[in-house]
Amino acid sequence: MKILYAKDADTLSRYAADRFVEQIKSNPKSILGLATGSTPKKMYEYLGEDTHVGKVSFSEATSFNLDEYVGLAADHPASYHYFMEEYFFSKVDFKEGANSLPNGVAENLEKEALDYDQRIQDVGELDILILGIGSNAHIGFNEPDDVFEPLTHVVALDHSTRQDNARFFNSIDEVPTHAISLGMRAIMRAKKVLLLAFGENKAEAIRDLVKGKVDPKVPASILQLHANATILIDEGAASLLDESDYTSI
Ligand code: GLP
């Protein structure tokens, strides 16, 4: 695992965007793994600008998102479908049908999860995957657990996750109790993983990820075993690490 530091989130967002540009340039048909949340927003904004000025094109690429809330249809403003459309898909030039997210309103959610997993297995590995991290160290919606869940699955959200995400809803009661999340197998099979973490409320999760042992109670810690994972942290997220733990960019 490479740990890279910059004081500000913008530098890290630009760095992550550059890795996506590089990836698409080396293979325009790349399969991208995408995340939602406040953290990757700036990276998506940079990629939108890069597309606008002709520096990159997503016209041959496809994407799979990590997760979606159970019970929220694509047109719900707090759904991850909606987020992706608003902050990324509408700003770049993917072809119609190139972007996939789990369907949180599928009639049979268990089947939807397994079908989604199968679709990723059918296309092979994700070429590059962007991750955020929850304050409880979840990645996607792989919540702290006794085991690492390998496949895409329906997950009950932790109370702390629902609290963290209540800011996107009118109240915590409106935050869905469940989600569909990609499992650890697809995450670990991704050829390249970039994890962005900004702000002091991520500092404990980052400390446990970087300095702790691999433990399903700290879901992100599985990335210690990934062959090509880069953790990108700003000043706040790095606040519980020593300077010797990271390299500045
Ligand atoms: C959500 C998402 C994660 C994301 C995390 C952090 O719950 N499922 O993929 O990484 O929260 O979100 P934020 O970037 O808004 O802090």
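The values are calculated or read from the model by the stated rules, or taken from the named source; none is laboratory data. The model shown is predicted, which means the values in this text are computed figures rather than measured ones. Cβ coordinates were reconstructed from backbone atoms using ideal geometry, including for glycine residues, and neighbour counts include every protein chain displayed.
Here is how the numbers come out for the structure above:
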{"quantity": "Residue among Phe20, Phe94 that alone is among the aromatic types (Phe, Trp, Tyr), out of contact with any strand residue (DSSP E or B) (no Cβ under 6 Å at 6 or more places or on another chain), more than 16 Å from the ligand (Cβ to nearest atom) and in a loop (DSSP other than H, G, I, E, B)", "calculated": "Phe94"}
{"quantity": "Sole residue being within 16 Å of the ligand (Cβ to nearest atom), in contact with a Leu (Cβ under 8 Å, 6 or more places away or on another chain) and assigned to a loop (DSSP other than H, G, I, E, B), chosen from Gly134, Gly104", "calculated": "Gly104"}
{"quantity": "Residue among Thr177, Thr161 that alone is modelled with pLDDT of 95 or more and in contact with a helix residue (DSSP H, G or I) (Cβ under 8 Å, 6 or more places away or on another chain)", "calculated": "Thr177"}
{"quantity": "The range 177-212: number of residues that are farther than 29 Å from Asp242 by Cα and more than 11 Å from the ligand (Cβ to nearest atom)", "calculated": "6"}
{"quantity": "Odd one out for Phe83 among (1) crowded, with 16+ Cβ neighbours inside 10 Å; (2) out of contact with any Lys or Arg (no Cβ under 8 Å at 6 or more places or on another chain); (3) assigned to a loop (DSSP other than H, G, I, E, B)", "calculated": "(3)"}
{"quantity": "Residue selected from the range 9-43 under the condition of a type in the set (Val, Ile, Thr) and surrounded by 19 or more Cβ atoms within 10 Å (Cβ to Cβ), by the criterion nearest to Phe168 (Cα to Cα)", "calculated": "Thr36"}
{"quantity": "Every residue from the range 203-249 that is among the β-branched types (Val, Ile, Thr) and not in a helix (DSSP H, G or I)", "calculated": "Val214, Val218, Thr230, Ile231, Ile233, Thr247, Ile249"}
{"quantity": "Residue list for the range 23-50, filter: closer than 26 Å to Asp234 by Cα, assigned to a helix (DSSP H, G or I) and more than 13 Å from the ligand (Cβ to nearest atom)", "calculated": "Gln23, Ile24, Glu45, Tyr46, Leu47, Gly48, Glu49, Asp50"}
{"quantity": "Members of the range 97-138 found to be exposed (fewer than 14 other Cβ atoms within 10 Å of the Cβ) and touching a strand residue (DSSP E or B) at 6+ places or on another chain (Cβ under 8 Å), listed by number", "calculated": "Glu110, Arg119, Val123, Gly124"}
{"quantity": "Hits in the range 154-202 - residues which are in a strand (DSSP E or B) and under 13 Å from Ile139 (Cα atoms)", "calculated": "Val155, Ala179, Ile180, Ser181, Val193, Leu194, Leu195, Leu196, Ala197"}
{"quantity": "Meets criteria (of a type outside the set (Ser, Thr, Tyr), closer than 30 Å to Ala237 by Cα and either part of a loop (DSSP other than H, G, I, E, B) or within 12 Å of the ligand (Cβ to nearest atom) (or both)) for Asp146", "calculated": "yes"}
{"quantity": "Test: Arg162 is basic (Lys, Arg) and within 10 Å of the ligand (Cβ to nearest atom)", "calculated": "yes"}
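For (1) farther than 16 Å from Ser38 by Cβ; (2) in contact with an Asp or Glu (Cβ under 8 Å, 6 or more places away or on another chain), each residue gets a yes or a no:
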{"site": "Val155", "(1), (2)": "yes, yes"}
{"site": "Glu174", "(1), (2)": "yes, no"}
{"site": "Ile180", "(1), (2)": "yes, yes"}
{"site": "Ile187", "(1), (2)": "yes, no"}
{"site": "Gly212", "(1), (2)": "yes, no"}
{"site": "Val218", "(1), (2)": "yes, yes"}
{"site": "Gln224", "(1), (2)": "yes, no"}
{"site": "Leu232", "(1), (2)": "no, no"}
{"site": "Ser239", "(1), (2)": "yes, yes"}
